[in-house]
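Engineer: Starting off with a structure, shown below.
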Amino acid sequence: MSIKFKTPMGKISRLNGKCISLVGDDIDTDRIIPARFLKCINFDSLAKSVFDDDRKTLKGNHPFDLETNKGSSILIVNSNFGCGSSREHAPQALMRWGIKAIIGESFADIFYSNCIAIGIPCFTLPKKSIKEIQRYLDIKNLFFEINLFESTAKAEDLKFNLEIKETSKNMFLSGEWDATSKLLENEALIKQKLNDLPYINFNSSF
């Protein structure tokens, strides 16, 4: 059901994709990725296990199993999404399933931070707007174009002014969210710092 996974990198200013709705408040990280899957040595296998218990209970009728949601990449949720355990596996599993952005009423703080750290922007909208989007999705597919510069989500017949923390927005627009890429870009500065440290001398012979 998932789309081909591609790790986000660098600056993120625009996103577009098909929406998928998950209705319900207080959906916690144990539901997103049950604890038994935390023993994995990397995150690559988590896509097939996202919402595993819920999907088994609904026997093919979970949103992440429906054929109509195939290829979706923008997740629409309600309030306090990602509450509970602070496990970083939750956003990692969603990302590997294909989720590139999440729009909801509100998010648990640690889940929000974990999403930002791996390149998943989390936007908020009032309950009324989220309900409008979810009702729309009950009728037909919805494709959003998200513009981080303008903080908007546009479709053919819908437009919303998204809310996102200014610090998070700036991190995506500048690429500062991507710590690995920033380290690679500054390799020369890192080497210089190491050479300047009196207790590290890579030129010493033993």
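Engineer: Hey, among the residues in the stretch 132-150 that are among the β-branched types (V, I, T) and outside any strand (DSSP E or B), which one's nearest to G17 (Cα to Cα)? Spell out how you get there, then give the answer.
Structural biologist: First, pick out the residues of the stretch 132-150 that are among the β-branched types (V, I, T): 133, 139, 146.
Next, only the ones that are outside any strand (DSSP E or B) stay: 133, 139.
Working: I133: 14, I139: 17 Å.
Ranking the qualifying residues of the stretch 132-150, first place goes to I133.
Let's see how each residue does on (1) small (G, A, S); (2) touching a residue at least 60 places away in the same chain (Cβ under 8 Å); (3) touching a Leu at 6+ places or on another chain (Cβ under 9 Å):
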| site | (1), (2), (3) |
| --- | --- |
| A93 | yes, yes, yes |
| R96 | no, yes, yes |
| T124 | no, no, yes |
| K128 | no, no, no |
| N141 | no, yes, no |
| I146 | no, yes, yes |
| F149 | no, yes, yes |
| A155 | yes, no, yes |
| L158 | no, no, yes |
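Engineer: Is at least one residue of the stretch 74-95 surrounded by fewer than 21 Cβ atoms within 10 Å (Cβ to Cβ), among the hydroxyl-bearing types (S, T, Y) and not in a loop (DSSP other than H, G, I, E, B)?
Structural biologist: No, the stretch 74-95 contains no residue that is surrounded by fewer than 21 Cβ atoms within 10 Å (Cβ to Cβ), among the hydroxyl-bearing types (S, T, Y) and not in a loop (DSSP other than H, G, I, E, B).
Engineer: How many residues does the stretch 143-176 hold that are of a type in the set (D, E) and under 21 Å from S106 (Cβ atoms)? Can you show your working first?
Structural biologist: Within the stretch 143-176, the first condition is being of a type in the set (D, E), and the residues that meet it are 145, 150, 156-157, 163, 166, 176.
Adding the requirement that they be under 21 Å from S106 (Cβ atoms) leaves 163, 166.
Result for the stretch 143-176: 2.
Engineer: Could you please find all residues in the stretch 171-191 being modelled with pLDDT under 75 and in a helix (DSSP H, G or I)?
Structural biologist: Those that are modelled with pLDDT under 75 and in a helix (DSSP H, G or I): A179, T180, S181, K182, L183, L184, E185, E187, A188, L189, I190, K191.
Engineer: In the list G82, G24, G17, which residue meets the criterion of being touching a helix residue (DSSP H, G or I) at 6+ places or on another chain (Cβ under 7 Å) and not aliphatic (A, V, I, L, M)? Show your work before the answer.
Structural biologist: Working: G24 fails: touching a helix residue (DSSP H, G or I) at 6+ places or on another chain (Cβ under 7 Å); G17 fails: touching a helix residue (DSSP H, G or I) at 6+ places or on another chain (Cβ under 7 Å).
None of the others qualify; the one that does is G82.
Engineer: Hey, among I164, I133, I116, which residue is in contact with a Phe, Trp or Tyr (Cβ under 7 Å, 6 or more places away or on another chain) and closer than 16 Å to V77 by Cα?
Structural biologist: Details: I133 fails: in contact with a Phe, Trp or Tyr (Cβ under 7 Å, 6 or more places away or on another chain); I116 fails: closer than 16 Å to V77 by Cα.
Within the list I164, I133, I116, the selection yields I164.
Engineer: Restricting to the stretch 155-175, and then to whatever is of a type in the set (D, E, K, R) and under 19 Å from K131 (Cβ atoms), can you tell me which residue is surrounded by the fewest Cβ atoms within 10 Å (Cβ to Cβ)? Before you say what the answer is, go through the steps one by one.
Structural biologist: To start, the set of residues in the stretch 155-175 that are of a type in the set (D, E, K, R) comprises 156-157, 159, 163, 165-166, 169.
Within this subset, residues satisfying the condition of being under 19 Å from K131 (Cβ atoms) are 157, 159, 163.
On the way: D157: 7, K159: 11, E163: 12.
Out of the qualifying residues, it is D157.
Engineer: If you go through the stretch 117-131, how many residues are small (G, A, S) and either part of a loop (DSSP other than H, G, I, E, B) or buried (at least 16 other Cβ atoms within 10 Å of the Cβ) (or both)? Full working, then the answer.
Structural biologist: First, the residues of the stretch 117-131 that are small (G, A, S): 117, 119, 129.
Filter once more, keeping what is either part of a loop (DSSP other than H, G, I, E, B) or buried (at least 16 other Cβ atoms within 10 Å of the Cβ) (or both): 119, 129.
Within the stretch 117-131, residues that are small (G, A, S) and either part of a loop (DSSP other than H, G, I, E, B) or buried (at least 16 other Cβ atoms within 10 Å of the Cβ) (or both) number 2.
The values are calculated or read from the model by the stated rules, or taken from the named source; none is laboratory data. Values in this document were obtained by computation on a predicted structure and should not be read as measured data. Quick reminder, even Gly has a Cβ in these numbers, built from the backbone with ideal geometry, and neighbours come from all protein chains shown.
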